[in-house]
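A quick write-up on the structure given underneath.
The values are calculated or read from the model by the stated rules, or taken from the named source; none is laboratory data. Just so we're clear, the structure is a prediction, and the values are computed from it rather than from any experiment. FYI the Cβ positions are ideal-geometry reconstructions off the backbone, even for glycines, and counts take in every protein chain you see. Heavy atoms of the whole protein, side chains included, go into the accessibility calculation; ligands, DNA and RNA do not. Shrake-Rupley method; radii C 1.70, N 1.55, O 1.52, S 1.80 Å.
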Amino acid sequence: MTDAPVPILMYHAIATDPNEATRELSVTPDDFAVQMALVDDLGLTPVGTAALAAHWRDGRPLPARPVLITFDDGYEGVHRHALPALAKHGFAATLFVSTGWIRGPHDTGAALDTMLDWDQVRELAAADVEIGGHSHTHPQLDQLDDATLRHELIHCKEIVTDELGTVPASFAYPYGYSSRRVRQAVRETGYGQALAVGNGLARRRQGPYALRRVTVRRSTGIEEFERLVEGRAIARNFAGDRALTKGYALVRRARQVRRKAIRSRV
């Protein structure tokens, strides 16, 4: 069993003309195809999220140079544009769905752009794409009370299970936000592993419920992408993101303190 760090790529929309809400975190179909070709040329082997966690948990074998390709939310372009590129190279991937955003009977109408429908999700699952949970309505989970948090996790898991006939093994935190309480709830819901963001390589010591990913966005050039999948200069690439994240974390902690104070007075 290797403890070597593993790059986990985080994608969102794969789209030619995304709307403004998803543009920054989108990737064009042409760029995605070039990125997948580079992964192949570099001799990396994409694996599913559950496969990586199983390797670190109980030593199940992995290829020599693993990489994870993950998609959050469930945008329609994952089926239209990403699936053909993945299939061309025989790549595995993981899609984390916000069940209330997927078109169909559970749709809350709050999605940011055109989403997959459940038939497309099933086609992805049949094509070696692991389907994981991403909550029901995509909230900041660490800002929820216990009952609402558990509903988001359990309802998402139940819908995926009902629609696909298989229980999702993996989870990704919306916005990457979690806390010890959230991670414990994810574990108790029955997910075997969960992904954050963090913009760093995933390592076994992070634990199965806080594995880091690196963000691939519209501005990611091919040279930067090569550095990401090879684990080079990641801290420098995301220095600006870390500064913004730390500042926003202070704001969010202050909000939590205020909410607790208000509840204690009621």
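Observations
- DSSP beta bridges confined to the stretch 56-212 are antiparallel in about 5 percent of cases.
- Short-range pairs are left out: with C-alpha atoms under 8 Å and at least six residues apart, the relative contact order of the stretch 45-191 is 21 percent.
- Magnitude of the charge dipole, the stretch 180-226, Cβ model with Lys/Arg +1 and Asp/Glu -1, debye to 20: 360 debye
- Rounded accessible area of Glu223 (nearest 10 Å², 1.4 Å probe): 140 Å²
- Candidates Pro61, Pro29, Pro139: whichever shows maximal mean-square fluctuation once the chain is modelled as a Gaussian network with Cα springs under 10 Å: Pro61
- Net charge of Cβ neighbours under 13 Å - reference Val229; Lys, Arg +1; Asp, Glu -1: -2
- Against the chain, whose longest principal axis is taken from its Cα atoms, helix 49-58 shows a tilt of about 80°.
- Taking all Cα pairs closer than 8 Å and separated by 6 or more residues, the relative contact order of the chain comes to 20 percent.
- Across all directions, the average flat footprint of the convex hull enclosing the Cα atoms of the stretch 1-92 is 6.2 nm².
- Across Asp162, Asp128, Asp113, mean-square fluctuation computed from a Gaussian network of the chain (C-alpha pairs under 10 Å connected) peaks at Asp162.
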